[in-house]
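Q: Next up is a structure, given as structure tokens.
The values are calculated or read from the model by the stated rules, or taken from the named source; none is laboratory data. Keep in mind that this is a model prediction, so the values were computed, not measured. With ideal geometry, Cβ positions are generated from the backbone for all residues, glycine too; neighbour counts draw on all protein chains shown.
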2 protein chains.
Amino acid sequence: MGERDLTGRAVADGILAEVAAEVQALGEAHWPPKLVSITVGDESAVDVYVRNQRRTAESVGIAFETRRLPERITQEELRAAIAALNVDPQVSGIILQRPVPKHISIKAMQTTIHPLKDVEGMNPASIGNIVYNELELAPCTALAAVEMLKRTGLQLQGLEAVVIGHSEIVGKPIAFLLLSEGATVTVCHHMTRSLAVHSRRADAVFVAVGKPKLVTGDMIKPGAAVIDIGINEVIDDEGKSRVVGDVDYDSVAPVAGWITPVPGGVGPVTVAVLMRNTVVATRRQKAHYEARLGASTF
Amino acid sequence: MGERDLTGRAVADGILAEVAAEVQALGEAHWPPKLVSITVGDESAVDVYVRNQRRTAESVGIAFETRRLPERITQEELRAAIAALNVDPQVSGIILQRPVPKHISIKAMQTTIHPLKDVEGMNPASIGNIVYNELELAPCTALAAVEMLKRTGLQLQGLEAVVIGHSEIVGKPIAFLLLSEGATVTVCHHMTRSLAVHSRRADAVFVAVGKPKLVTGDMIKPGAAVIDIGINEVIDDEGKSRVVGDVDYDSVAPVAGWITPVPGGVGPVTVAVLMRNTVVATRRQKAHYEARLGASTF
């Protein structure tokens, strides 16, 4: 770890401490938060993520239930399963683990998750709300990445930010979040003519592409903040499997003012934000029911 | 009009000719498109727009009905009025004219309009769908502005585009639309430190701020496309009221490769796009009903 490292563990712990206090208060108000995780078919690819989510949830007092659905489930059956969770007042948040089998449209299923229970922030309606500057329930990775930038203490208003990667659930939401904070934002991607021209003028660079060593030291302005959201499995010189980001750490670290390592940077914060989203969702559901029923009776 | 002018009338007429053919086909399939325009309270500010929408709708065979609601209507009453239109199979699209009285939340009302009937593309769910690259039902002005850029024949993939203005219904949707077309996009606004540095490197500049003469010739790269979305009423030297855009036409026109005049640029195309959105919405509703009822019986 270098001295310019912007590590995630302390940030995550700070978020989780706040979440734990809120979970306790919600429990005392008879609204204990509860997450339901759905996996469809082979879950070996997501197993480590799900276990991490469960451990984190339970550490702050959030109940965590897993539903394992068979590979051969039809889209309509999955839709019905989600609809049942939507109307279950005991369920605060629904996580649909990716990937899902090819015969199921992930977008259609994300749209089925009620926006009030969309703790991953992936329903188009949730994404649209970010565009309208309602920033609380955004995709977890995007929120975590922006949270890391805030920890640098840089003033976000007027900041020149460059986002590399234009995915719906990471790159674009980071761009809206930064815009809402007053940054000037450029979104680059594989069709960008000269990536380095953009990255070199940026005060903050976010990278979410999935290409090891895409960003090198000569592409970064001295003193800039570099937030690495890539997660890539590579085989190192000794034949061992390692996880690396999209940033060439060795060449960027001496140039950057701040850099998030991979692993140990944005990752732990993402899971903490998922828990915070769960508390936000639970609070909204409580408010929603109370506005209609006049009291908290669940 | 200069030779570099990118005028909207011909573009609008081309769109409207296609729309008229589709309206006829939908009518023959017993799905005649119909728009309902809602104004609340004093309508003098929107009167000219509504008349223009009606004239354009009727010119392509789309029925146009106006509902004038009183200033004192409550938000719940307005919500109920919109809900009734949502479930009326004869209504294809709902336009909520702005401004609305202060006691009504425009965002809450736009969220009430069913996404299938959201011809203005302003429901957060509609906006979220653009983020997910479903571009058909986007806010009309944003679609019209991008349509104008396409008429230049410039290749959008890899194009360097700068959007000045970050409003939810114009600036940000233009940014997503351009991103979906493969452009590299920078969004600037009143907090941007050096606007000219960005605008001067752009192949295409979109301006949607509402400030006359914000963009001057020295801010534009020679040969760039300049799309002016501003609509400002100013009093000229002779004391007469005139409508101007956000671009200083006289200094920009000699530098730009293309420039949209105001009036007569993006404006006419916006209304044409509203009609195209109405046809898109009607087709979707037809598909939606038929998928559930097995036939077209309305």
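Q: Restricting to the range B:128-158, name every residue that is polar (S, T, N, Q) and more than 22 Å from B:Gln97 (Cα to Cα).
A: Taking the range B:128-158 as the starting set, the residues that turn out to be polar (S, T, N, Q) are B:129, B:133, B:141, B:152, B:155, B:157.
Correct list: B:Asn129, B:Asn133, B:Thr152, B:Gln155, B:Gln157.
Q: While we're here: Can you name the residue in the range B:157-166 that is touching a helix residue (DSSP H, G or I) at 6+ places or on another chain (Cβ under 9 Å) and either assigned to a loop (DSSP other than H, G, I, E, B) or farther than 26 Å from B:Lys211 by Cβ (or both) and is also farthest from the other protein chains (Cβ to nearest Cβ) among such residues?
A: B:Gly165
Q: Moving to a separate point now. Could you go through the range B:252-262 and let me know if any residue there is β-branched (Val, Ile, Thr), within 17 Å of the chain's Cα centre (by Cα) and modelled with pLDDT of 95 or more. Walk me through it before giving the result.
A: Quick first cut of the range B:252-262, residues β-branched (Val, Ile, Thr) only: B:252, B:255, B:259-260, B:262.
Still in the running and within 17 Å of the chain's Cα centre (by Cα): B:260, B:262.
The next check asks that each one be modelled with pLDDT of 95 or more; those that pass are B:260, B:262.
Within the range B:252-262, one or more residues are β-branched (Val, Ile, Thr), within 17 Å of the chain's Cα centre (by Cα) and modelled with pLDDT of 95 or more.
Q: Same structure, new question: Pick out the one residue from A:Ile227, A:Ile235 that is under 21 Å from A:Gly265 (Cα atoms), touching a strand residue (DSSP E or B) at 6+ places or on another chain (Cβ under 9 Å) and without any contact (Cβ under 8 Å) to a residue 24 or more places away in the chain.
A: Numbers: A:Ile227 fails: without any contact (Cβ under 8 Å) to a residue 24 or more places away in the chain.
Only one candidate passes the filter, namely A:Ile235.
Q: What is the one condition in (1) outside any loop (DSSP other than H, G, I, E, B); (2) outside the structural domain of A:Pro263 (by TED's automatic domain parsing); (3) of a type in the set (Gly, Ala, Ser) that A:Gly61 does not satisfy?
A: (1)
Q: Can I ask one more? With the checklist (1) more than 8 Å from chain B (Cβ to nearest Cβ); (2) under 27 Å from A:Ala224 (Cβ atoms) in hand, flag the one item A:Asn133 doesn't pass.
A: (1)
Q: Show me the helices (runs of 4 or more DSSP H) entirely contained within the range B:85-156 in which 3 or more residues are modelled with pLDDT of 95 or more and either of a type in the set (A, V, I, L, M, F, W, C) or surrounded by fewer than 20 Cβ atoms within 10 Å (Cβ to Cβ) (or both). Please lay out each step first, then the result.
A: Details: elements: B:106-112, B:124-131, B:140-150.
So the answer is B:140-150.
Q: On to the next question. Across the range B:25-48, what is the total count of residues that are assigned to a helix (DSSP H, G or I) and within 12 Å of B:Thr282 (Cα to Cα)? I'd like the intermediate steps shown before the answer.
A: We begin by selecting, within the range B:25-48, every residue assigned to a helix (DSSP H, G or I); these are B:25-28, B:47-48.
Pick out the ones that are also within 12 Å of B:Thr282 (Cα to Cα) and you get B:25-27.
Looking only at that region, the number is 3.
Q: Looking at A:Ala80 and the list (1) surrounded by fewer than 21 Cβ atoms within 10 Å (Cβ to Cβ); (2) small (Gly, Ala, Ser); (3) more than 21 Å from B:Ala138 (Cα to Cα); (4) within 13 Å of another protein chain (Cβ to nearest Cβ), which single condition is not satisfied?
A: (4) is the only condition that A:Ala80 fails.
Q: Which numbered condition trips up B:Val273, out of (1) within 14 Å of another protein chain (Cβ to nearest Cβ); (2) among the β-branched types (Val, Ile, Thr); (3) in a helix (DSSP H, G or I); (4) crowded, with 24+ Cβ neighbours inside 10 Å?
A: The number of the failed condition is (1).
Q: Collect the residues in the range B:1-24 that are of a type in the set (A, V, I, L, M), surrounded by fewer than 19 Cβ atoms within 10 Å (Cβ to Cβ) and outside any helix (DSSP H, G or I), keeping them in residue-number order.
A: Within the range B:1-24, B:Met1 is the sole residue that qualifies.
Q: Just name the residue that is surrounded by the most Cβ atoms within 10 Å (Cβ to Cβ) out of those in the range B:276-298 that are closer than 26 Å to B:Leu135 by Cβ and free of Cβ contacts under 8 Å to residues at least 24 places away in the same chain.
A: B:Glu290
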